[in-house]
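The structure under discussion appears below in the form of structure tokens.
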2 protein chains.
Amino acid sequence: MTAATSTRELAHPERTEIRLEDVLHALADPLRLRVVRELAEADRELACSHFDLPVTKSTTTHHFRVLRENGVIRQDYRGTAKMNGLRRADLDALFPGLLDSVLEAAGAQAKRLGGG
Amino acid sequence: MTAATSTRELAHPERTEIRLEDVLHALADPLRLRVVRELAEADRELACSHFDLPVTKSTTTHHFRVLRENGVIRQDYRGTAKMNGLRRADLDALFPGLLDSVLEAAGAQAKRLGGG
């Protein structure tokens, strides 16, 4: 039973394993940045199905995996849904002010370019 | 004569062409982050030869080009030297607080990991 459960557990770096370069890499993509902005605005976990990205399902899965493997989000199964949550406490502890400045920059840029 | 000069001019994005995703990508590398930290600490232009990166000359050139093409640094020839300067005014105007929070995070991480 434990085995059946553990196969559904996804790999996450521990807080001490998260690296700035990896976080910046994970954020260096328009779609991943959009996911992070939506999670930050929602301030709660959101299912993958909540996000309506203009790419295939497998590309969407890839982007979420990059965010998870680099320590930006946590992904957990709740029944059949994969829930995503921003690792704000970890990121704020490691890199104070970084996430907020990226979110502000992303918001300002979206406004400037007319993308919302 | 103008032509002879212009072949030595390197391409830079205008301030309005700089994108957050591209800046994050440029910063998402340990060596490029190190170059940016050194330029920020020096607070002046530094020649490429100033940087002692543990990679080949061509890899070094590549990293500087990524920083320049994504709007993080300005590169100009002064005689035979290629001088590099951080585009702090452009970055601060576009993304207030971002560069400083990345620099602080990089400094804190270097201290944490014992890399200085």
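Ordering B:Ala106, B:Leu67, B:Leu39 by Cα displacement along the dipole of the protein assembly as shown toward the positive end leaves B:Leu67 in first place; charges were set at the Cβ atoms of Lys, Arg (+1) and Asp, Glu (-1). Using only Cα atoms, tell me the angle between helix A:57-69 and the longest principal axis of chain A; keep it within 0 to 90° and round to the nearest 10. Helix A:57-69 sits roughly 90 degrees off the main axis of chain A.
Counts of other chain beta carbons within 10 angstrom of each beta carbon in peptide B:94-102 average 6.
Place a label point 7 angstrom from the Cα of B:Glu104 along the Cα-to-Cβ direction, then list the residues of the range B:23-43 whose backbone nitrogen is under 20 Å away. The answer is B:24, B:27-28, B:33-34, B:36-43, whose backbone nitrogens lie closer than 20 Å to the label point. Note on B:16-22: average number of Cβ atoms from other chains within 10 Å of each residue's Cβ is 4. Helix B:98-112 and the longest principal axis of the Cα set of chain B meet at an angle near 50°. Once the label point is placed 7 Å from Cα along Cβ, list for A:Ala11 the distances to the corresponding points in the other copies, in nm, shortest first. With the label placed 7 Å along Cα→Cβ, A:Ala11 yields 3.8 nm. Applying Stokes-Einstein at 37 °C and 0.692 mPa s to the Kirkwood radius of chain A, computed over alpha-carbon pairs, gives a translational diffusion coefficient of 221 µm² s⁻¹. A label point on B:Asp52, set 7 Å along the Cα-to-Cβ line, lies at 5.7 nm from each of its counterparts in the other copies, closest listed first.
About the Cα centre, and with charges only on the beta carbon of Lys, Arg (+1) and Asp, Glu (-1), how big is the dipole of chain A? Nearest 20 debye, please.
Working: 17 positive and 17 negative charges, 70 e Å.
The dipole magnitude comes to about 340 debye.
Taking Cα centre as origin and charging only the Cβ of basic (Lys, Arg, +1) and acidic (Asp, Glu, -1) residues, the dipole magnitude of the range A:11-54 rounds to 60 debye. Each peptide in B:86-93, A:76-83 receives the mean, over its residues, of other Cβ atoms within 10 Å, and ordering these scores from highest gives B:86-93, A:76-83. With both labels modelled 7 Å from their Cα along Cα-to-Cβ, the A:Ala11 to B:Lys111 distance reads 3.2 nm.
Sorted shortest first, the separations between the A:Gly85 label point and its copies elsewhere in the assembly read 4.8 nm; each point sits 7 Å from Cα along the Cα-to-Cβ line.
One Cα centroid belongs to the range A:55-116, the other to the range B:44-116; the line between them spans 26 Å. When the helices of the protein assembly as shown are scored as -39500 (n - 2.57) per DSSP H run of n ≥ 4 and the total is divided over every residue, the value at 222 nm lands at -15500 deg cm²/dmol. Principal semi-axes of the equivalent ellipsoid, √(5λ) from the alpha carbon gyration tensor of the protein assembly as shown, are 36, 20, 16 Å from largest down.
A straight Cα-to-Cα reach below 21 Å connects A:Lys57 with the lysines A:Lys82, residues fewer than 8 places away in its own chain not being considered.
Taken along the Cα-to-beta-carbon direction at a fixed 7 Å, the label points for A:His62 and B:Arg44 span 4.6 nm.
Taken together, the values in this text are just the output of simple stated rules run on the coordinates, not laboratory data. Note that the structure is a prediction, hence the values are computed from the model and not measured. Counting neighbours? That spans all protein chains shown, and the Cβs are built from the backbone with ideal geometry, glycine included.
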